[in-house]
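Working notes, beginning with the structure itself.
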Amino acid sequence: MSLQVLSAIGNSSLFQPGFSLLNFDGHIFFFGQKGWPKRSCPTGVFHLDVKQNELRMKPAFFSKDSCYLPPLRYPALCTLRGKGDSDENQYIIHGGKTPNNDLSDKIYVMSLVSKTSKKTTFQCVEKDLGGDVPEARYGHTINVVHSRGKSMSVIFGGRSYTPLAQRTTEKWNSIVDCLPSVFLVDFEFGCCTSYVLPELQDGLAFHVSVARNDTIYILGGHSLQNNTRPPSLYKLKIDLPLGSPSVTCTVLAGGISVSSAIVTQTGDTEFVLVGGYQSDSQKRLVCNTIVLEDSKVEIAERASPDWTPDIKHCRIWFGCDMGKGSVLLGIPGANKQFISDANYFYILRCKGTEEDKEEELTAQACSQTSTEDPGDSTPFEDSEEFCFSAEANRFEADDTDTYNEDDEEDESETGYWITCSASCTIDINTWVPFYSTELNKPAMILCSSGTGHWVHAQCMDLSETMLLHLSEANIKYFCNEHVDLNKGLQTPKRAVQLKKQPMKPLRKKTAMKFTPAKKSFLRRLFE
């Protein structure tokens, strides 16, 4: 085992405990940044490129038919191989914490669409599930098992917030272990089924799980209820016949008391267990080899690398599996301070010297491409409360497409993150998409009052239908504060006067004229 020090890393403060690494075709991608993504990289997914001991980051993109994927800490993550002879791999992402500490219960499938030297494009799809859907959680694991020509995903463990019915004022956002149920997820039909096994009594989080064919081995973990790290080792066997699936659990001897360890695959049946914690205040510097046979598992200690003094004396550390026997480890840049400006990183290579040199030439590690799911690589949960105050401000790279936050305008004063009104509730640190058309910034609409100013559509209580109507129609809009004022200052429209038709004048009555003979006749008639 060899330990490579990364002497310089561009914008290392984007890394935080709980991040994840994805491996597509031998290229490593970073997911789960600190804070919400910004305009220069709205996806929050970066391509990691190691050159001359420097770790450079380039933004990745999503296709137009992709859904919104928030940056998630401590999600459950594993690979899903393509159907048939296809070498295409997809990643399943479930649960995790958002930057404002909300827990996600969504499940995403992420696949590579195109990859060039300048641009990488992914497709991210949210899966709709029915049945016994797992509750929102983090610090759990997900694996894919194969039995009788069929495949299913298995979710186990994790932590969640106290259910609403059990919350009190003093412990409103308390964390509890999830119930020790085993969830089988069928992506083909979109259904979930939960199983309660008598062998699994206590909830576990930040454990290690590795899978081979139809069997999953669960090792270690931390029980929050008992505040213990039991040396547990469980064997889950999943049978997928034509009818209902069958799930059995066997308790094995020879487990390890460890939490938040990282597992990386070094061979078809061999894995290496790195680091973790054996108590709340003590790191576990011992490494182990895990060998999976057809019906058994063997765990043995192996020679540990020559840890540097910084690693030995630091209180916390975090990292993730890079694949093919390589692990990215990080420690805070200033261990004696509560706030750190940067992190220091190392690459631990668990294979032989010749294989390490071969990997250095390729500059990347290839992970999780075998027919078996190598298991989840859960970071260290004891690093969960560690906070970084420094924002991303610099990327040292020569490539023209490299992310550079200095090129961005300050959106806290102008742009999308303004205080649009007295009742504005939009905050760059806590905002989440409200409309289906939003991705990484809130929807805004122009108020036509005076010289005009922009307001957030959500603060104006606009429905999505009305927002789309206003954006498509040529209509002046006035915000809630100026709509009444606009009505008062508006000049009334001039009333149209109806033209009155003149009445025809009546003809004057004229006296009848009679001859003297007629007058004499009329006189005699009436006498």
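What to note about this one:
One line per residue, one yes/no per condition, for (1) of a type in the set (Lys, Arg); (2) touching a Gly at 6+ places or on another chain (Cβ under 6 Å); (3) modelled with pLDDT of 50 or more; (4) surrounded by fewer than 16 Cβ atoms within 10 Å (Cβ to Cβ):
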position	(1), (2), (3), (4)
339	no, no, no, yes
343	no, yes, yes, no
362	no, no, no, yes
380	no, no, no, no
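- Picking from residues in region 418-438 that are among the hydrophobic types (A, V, I, L, M, F, W, C) and in contact with a Phe, Trp or Tyr (Cβ under 8 Å, 6 or more places away or on another chain), the one that is modelled with the lowest pLDDT is 428.
- Of the residues 153, 117, 194, the single one that is polar (S, T, N, Q) and within 25 Å of residue 258 (Cα to Cα) is 153.
- Test: residue in region 94-115 that is among the hydrophobic types (A, V, I, L, M, F, W, C), farther than 24 Å from residue 159 by Cα and at pLDDT 90 or above: yes
- Those residues of region 283-298 which are outside any loop (DSSP other than H, G, I, E, B), open to solvent by 10 Å² or more (accessible area, probe 1.4 Å) and closer than 20 Å to residue 348 by Cα, in sequence order: 283, 289, 291
- Count of region 24-33 residues, restricted to those that are open to solvent by less than 30 Å² (accessible area, probe 1.4 Å) and farther than 20 Å from residue 95 by Cβ, is 3.
- The strands (runs of 3 or more DSSP E) falling completely within region 124-204 that include 1 or more residues that are closer than 16 Å to residue 238 by Cβ map to 141-147, 150-156, 181-186, 191-196.
- For region 161-192, a residue qualifies if it is within 21 Å of the chain's Cα centre (by Cα) and either of a type in the set (A, V, I, L, M) or open to solvent by 40 Å² or more (accessible area, probe 1.4 Å) (or both), and the qualifying residues are 161, 173, 175, 185, 187.
- Restricting region 136-147 to residues that are surrounded by fewer than 24 Cβ atoms within 10 Å (Cβ to Cβ) and over 16 Å from the mean Cα position of the chain (by Cα) leaves a set whose member that is farthest from residue 260 (Cα to Cα) is 147.
- Residue match in region 33-42 (condition: closer than 25 Å to residue 264 by Cα and touching a strand residue (DSSP E or B) at 6+ places or on another chain (Cβ under 7 Å)): no
- Pair list, Cβ < 8 Å and 6+ apart or interchain, from region 433-455 residues that are open to solvent by less than 40 Å² (accessible area, probe 1.4 Å) to residues that are acidic (Asp, Glu): 435/464
The values are calculated or read from the model by the stated rules, or taken from the named source; none is laboratory data. Computed from a predicted model, the values in this text were never measured in an experiment. In this analysis, Cβ positions are derived from the backbone assuming ideal geometry, glycine residues included, and neighbour counts consider all displayed protein chains. Each accessible area value is taken on the protein alone, full model and side chains, heavy atoms only, with ligands, DNA and RNA left out. Shrake-Rupley method; radii C 1.70, N 1.55, O 1.52, S 1.80 Å.
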